[in-house]
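The values are calculated or read from the model by the stated rules, or taken from the named source; none is laboratory data. All values reported here derive from a predicted model rather than from experimental measurement. When we count neighbours, we look across all protein chains shown, and the Cβ atoms used for this are built from the backbone with ideal geometry, even at glycine. Protein only, heavy atoms only, side chains kept; ligands, DNA and RNA dropped before computing areas. Shrake-Rupley method; radii C 1.70, N 1.55, O 1.52, S 1.80 Å.
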Amino acid sequence: MSRITPSLRRLLPMVLGCLALLVAGPTGAPTGLRAGVSDAGPDATLTLILRDIDNNKLDVALDRTNALLKAYPNFRLGWLIQGDLLLARARPLTTFGNVPEGGDRLRDLRLEAIARLKGYRNRPADTQVPRYLLQMEADQKYAVVVDTQRSRLYIYRNENGRPVFVADYYASQGKAGSNKMREGDNKTPLGVYHVTGFIPREKIGDFYGAGAFPINYPNEWDKREGKTGYGIWLHGVPSDTYARPPLASEGCVVISNQDFRAISGYMQAGRTPFIISDGVEWLSLDDWKSERTSLNATIEQWRKDWESRDTARYLSHYSKEFKSGNQDFAAWSKQKQQVNAGKDFIEVDLRAMSMFRNPGKDMVVVAFEQDYRSNNLSNVARKRQYWVREGSAWKIIYEGVAS
């Protein structure tokens, strides 16, 4: 193969915008075979190919690319790299894909290369957790966190209450980006959601690939903010496609069929948290524990004040902007005063509690099983609350039965 030229040497590092990112591999990065495919998947193999190119091992890079395409024949980005490496035998390459512009398809592949490599090379440290996963219930075995800024989907396991990193995957989002506001805006929503079920491939057709997991957009808060739309899913890709560009869907989160099958076993209909953020906030374990402990203490004080039958103390936990259904804060206060006047005692137990911080907002979504007992009423119900920060205090701005 021809001598590496300055143009070829800059080819893919230029796409990434940082040569150092490609030369210095991540701690513990898979080494793979000399020219084989890493068992960590195509992103890891792509990193090895770029390192081969930078080290002027073009024959090794081509062999590794051929092995990658044998394992993933629909991986279009791999075919583009193979074409560049073959063309390098005849003449220097001046740009990614060896054409000045290349149209939308080449632009999409460039963006995919950037997203894949940045996401793979910037994995969170073992000592960091997403700020959003404050507390999962014991039977919530896994959680999904999507970073639309990095086109990355993370899986976390619930290990005695602590979220532990399992795996991450390249993911596409809406054509117009994130923060969905209305039906048809081609944006992916941001917020705290959960998986509601599974739709098999045979019911939705080949376009959605291996299947789909719908999420509960719009949730209670979305509806309060006037957001519209429906049918937001995590789904796969058509059978003739390995992956889609970073901005490709009408609002859904899209991953390869291989990755979809890999994470299907982590999903629990009605249970798995699905949090979508435009740039994940990471916390140290100490800071995560501190936030979790503080909020638990606030919720426990609300529970005790409810049991005390001191209505003023109980209502002090509610925002003046509170709204639940047709009730605002004034109507809620009046109802609670009337109800408490007829109580000789109140006992409230909270079980199976989860707490998820809403991305981009000082707000936490809390859900629990509420066991309520009094002298004239007893019931058990699943409840959901939205707590917001007002000054230095947490206040309840929404409360209702969890669907």
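A few remarks follow.
This table checks each residue for (1) within 25 Å of Trp288 (Cβ to Cβ); (2) in contact with a Leu (Cβ under 6 Å, 6 or more places away or on another chain).
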{"residue": "Gly161", "(1), (2)": "yes, no"}
{"residue": "Lys175", "(1), (2)": "no, yes"}
{"residue": "Asp185", "(1), (2)": "no, no"}
{"residue": "Ile204", "(1), (2)": "no, no"}
{"residue": "Gly229", "(1), (2)": "no, no"}
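- For region 360-380, a tally of residues being open to solvent by 60 Å² or more (accessible area, probe 1.4 Å) and either within 25 Å of the chain's Cα centre (by Cα) or under 17 Å from Leu133 (Cβ atoms) (or both) returns 3.
- Scanning region 308-319 for residues that are assigned to a helix (DSSP H, G or I) and surrounded by fewer than 16 Cβ atoms within 10 Å (Cβ to Cβ) gives Ala312, Arg313.
- Pairs are defined by a Cβ separation below 7 Å, a sequence spacing of at least 6 or placement on different chains, a first member in region 175-192 that is under 19 Å from Asn358 (Cβ atoms) and part of a loop (DSSP other than H, G, I, E, B), and a second member that is of a type in the set (Lys, Arg) and open to solvent by less than 10 Å² (accessible area, probe 1.4 Å); the pairs so defined are Lys187/Lys180; Pro189/Lys180.
- Scanning region 89-114 for residues that are modelled with pLDDT of 75 or more and open to solvent by less than 60 Å² (accessible area, probe 1.4 Å) gives Leu106, Asp108, Leu109, Arg110, Glu112, Ala113, Ile114.
- For region 314-339, a residue qualifies if it is among the small types (Gly, Ala, Ser) and at pLDDT below 95, and the qualifying residues are Ser324, Gly325.
- Strands (runs of 3 or more DSSP E) fully within region 210-264 that include at least 2 residues being out of contact with any helix residue (DSSP H, G or I) (no Cβ under 8 Å at 6 or more places or on another chain), open to solvent by less than 10 Å² (accessible area, probe 1.4 Å) and among the hydrophobic types (A, V, I, L, M, F, W, C): none found.
- Residue match in region 301-308 (condition: polar (S, T, N, Q), at pLDDT below 95 and more than 35 Å from the chain's Cα centre (by Cα)): no
- Yes/no for Lys343 being in a loop (DSSP other than H, G, I, E, B), charged (D, E, K, R) and within 26 Å of the chain's Cα centre (by Cα): no
- Being in a loop (DSSP other than H, G, I, E, B), modelled with pLDDT of 50 or more and within 23 Å of Arg107 (Cβ to Cβ) holds for only one residue in Asn74, Asn56, and it is Asn74.
- Criterion violated by Tyr156 - all others in (1) free of Cβ contacts under 8 Å to residues at least 40 places away in the same chain; (2) buried (at least 23 other Cβ atoms within 10 Å of the Cβ); (3) not in a strand (DSSP E or B) satisfied: (3)
- Among residues of region 115-140, those that are open to solvent by 50 Å² or more (accessible area, probe 1.4 Å) and within 11 Å of Arg152 (Cα to Cα), counted: 3
- Test for Pro200: is it surrounded by 18 or more Cβ atoms within 10 Å (Cβ to Cβ) and either modelled with pLDDT of 95 or more or hydrophobic (A, V, I, L, M, F, W, C) (or both): no
- Test: Asp287 is part of a loop (DSSP other than H, G, I, E, B) and either in contact with a His (Cβ under 6 Å, 6 or more places away or on another chain) or not aliphatic (A, V, I, L, M) (or both): no
- Only one of the numbered conditions (1) out of contact with any Phe, Trp or Tyr (no Cβ under 6 Å at 6 or more places or on another chain); (2) over 21 Å from Arg157 (Cβ atoms); (3) open to solvent by 60 Å² or more (accessible area, probe 1.4 Å) is violated by Lys289, and that is (2).
- Test: Asp54 is buried (at least 17 other Cβ atoms within 10 Å of the Cβ) and under 33 Å from the mean Cα position of the chain (by Cα): yes
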